[in-house]
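Structure, as structure tokens:
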Amino acid sequence: MADQNKEQKRKGNVIGRILGNYIARRVVGIILIIAVVCAIALGVKNYIFSDSKTTKIGFEDIGELATQTAYCTEVNVTDASRELFGMKIPFTQSKYIYSYDIEIKAGFDFTQIEWDVNGTTIEVKLPEAKILSSEVDQDSLKVYHEDESIFRQISLEENNEAVAKLRETAENDAIENGLLDNARENAETILTSFFAGVYDMDEYKIVFMDK
């Protein structure tokens, strides 16, 4: 009788180990399946996030972009003399007539551009075009008249003020000749190319608006 009990107990232990191993394998399998599903879910989430970020970065990488450049040659006359009772004192007059070439760039801060997709219409809001830089080409200096009196020399400060005024005049002349309008037109061309890389332009249309 004791031997039968031992045999039954031994068989029970064997069955228990078999069941335990089976259950353990099932649990491990379920854990692996859950891990794979989580990995796929995380992978899809990261992919979607990355794709969305790429669209946003497109503008940020461009940053401040010059879309139009104007080249101007400006002539300046600097005339200074000493006066007494409102009359110029002879031999105290200094006068320079010269010109500089100035390069003026206009464009946009692309981080200020707003856009949205409504159905098949891409609405783009643009800020005003602005002057981004104006640089005097120092090598382009041409002197047409130079006469400086030892009694009234033109100071460095006066000369710097004259050059600053020259730059301002060039900027105004460029704007009057359509610099900002051309910058806006070229910006629209650039943005159209940008959106064409993301959207099918046969299905979408772009509408540009003032911000």
Task: Share, in percent, of DSSP beta bridges within the stretch 102-209 that are antiparallel, nearest 5 - done: 70
Open item on the list: Could you report the stretch 163-211's accessible area per residue, 1.4 Å probe, as an integer in Å²?
Closed with: 63
Task: Of LYS105/LYS205; LYS130/LYS165; LYS165/LYS211; LYS95/LYS130; LYS130/LYS211, pairs whose Cα-Cα distance is over 24 Å - done: LYS105/LYS205; LYS165/LYS211; LYS95/LYS130
Open item on the list: Can you compute the modelled spin-label distance between ASP116 and MET209, with each label point 7 Å from Cα toward Cβ, in nm?
Closed with: 0.8
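The values are calculated or read from the model by the stated rules, or taken from the named source; none is laboratory data. Worth saying up front: this structure is predicted, and the values here are computed from it rather than measured. Cβ atoms come from the backbone with ideal geometry, glycine included; neighbour counts cover every protein chain shown. For accessibility, only protein heavy atoms count, side chains too; no ligands or nucleic acids. Shrake-Rupley method; radii C 1.70, N 1.55, O 1.52, S 1.80 Å.
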